[in-house]
Amino acid sequence: MKLTQTLELYPDTRVTQVLFKSVENAAELRQKAVEGKINGALINPTMLVDPFQVLVAANRAFHLHSIGKMKTRSLNSEIIFSLSPTNNISEAFKRFGLSDRDVSVLVVVVHGKDELQAVADVTAMVDGQQLPVDQVSSLSDLEKIRKLYKVTPQEETCGSLLDAVVCRMAIKDVM
């Protein structure tokens, strides 16, 4: 159900993703996140193509956190910001963060290899039905994703939508 992966450059650090649908308490979760009472990033899964996209964002965010170069105030907000193809922080939160009306959420927790309680603490707060993380694409709004990342049909003939999205996430600081 959950997906836990190790960050290659930081072998003692794990990223765990847990997907929920039919979430009843999105507004409450969002408020707790704003107050800093949730040790995890709450992401709107309709804007995600694949769990790899989130792993790339978490890896980038943790790296920036470790070298003191984050553009946001916390690691969790940096993960959400890293998903965006633009450098506009508020826009990133509108597109990728959890909103009060959302009925699905992807919880992302960055933790040490022995800190599994952190994941349990956050997921226990979600009032919803847990799904396998690899089903995130079943909740995706592909047209919105294509529009946000400006992916053309021609581009998808030589690579996947995931390739295009990850590429745009990676080069946003360059452009």
Quiz item: Straight-line reach from LYS113: which aspartates and glutamates have a Cα under 12 Å away, not including same-chain ones fewer than 8 places off?
Solution: ASP12
Quiz prompt | Mean separation of Cα contacts under 8 Å (6+ apart) over length of segment 2-171, as relative contact order % | solution = 36
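Shape of segment 52-152 from its Cα gyration tensor (a ≥ b ≥ c, root eigenvalues): rounded if a/c is under 1.5, otherwise prolate when a/b > b/c, or oblate? If you can, show how the numbers build up before the last one.
Values: a/c = 1.72, a/b = 1.07, b/c = 1.61.
Oblate, since a/c reaches 1.5 and b/c is not below a/b.
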Exercise. Before rounding to the nearest 500, sum -39500 (n - 2.57) across all DSSP H runs of length at least 4 in the chain and divide by the residue total; then give [θ] at 222 nm in deg cm²/dmol.
Key: -12000 deg cm²/dmol
Quiz item: Ignoring ligands and nucleic acids, what accessible area does LYS69 show with a 1.4 Å probe (Å², nearest 10)?
Solution: 130
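Can you list which of the GluC sites (Glu not before Pro) found in segment 24-79 are DSSP loop residues with at most 14 other C-beta atoms within 10 Å? All intermediate terms of the calculation are to be shown ahead of the outcome.
Numbers: sites: GLU24, GLU28, GLU35, GLU78; in loops: GLU24, GLU35.
Qualifying residues, ordered by number: GLU24, GLU35.
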Quiz item: For segment 91-175, which whole percent of the accessible surface, found with a 1.4 angstrom probe, sits on carbon and sulfur atoms?
Solution: 53
Exercise. Could you let me know the centre-to-centre spacing of segment 141-175 and segment 112-132, using Cα atoms, in angstrom?
Key: 30
Exercise. Tell me, rounded to the nearest percent, the portion of alpha carbon pairs in the chain spaced more than 20 Å apart.
Key: 49
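The values are calculated or read from the model by the stated rules, or taken from the named source; none is laboratory data. None of these values were measured; they are calculated from a predicted model. FYI the Cβ positions are ideal-geometry reconstructions off the backbone, even for glycines, and counts take in every protein chain you see. Each accessible area value is taken on the protein alone, full model and side chains, heavy atoms only, with ligands, DNA and RNA left out. Shrake-Rupley method; radii C 1.70, N 1.55, O 1.52, S 1.80 Å.
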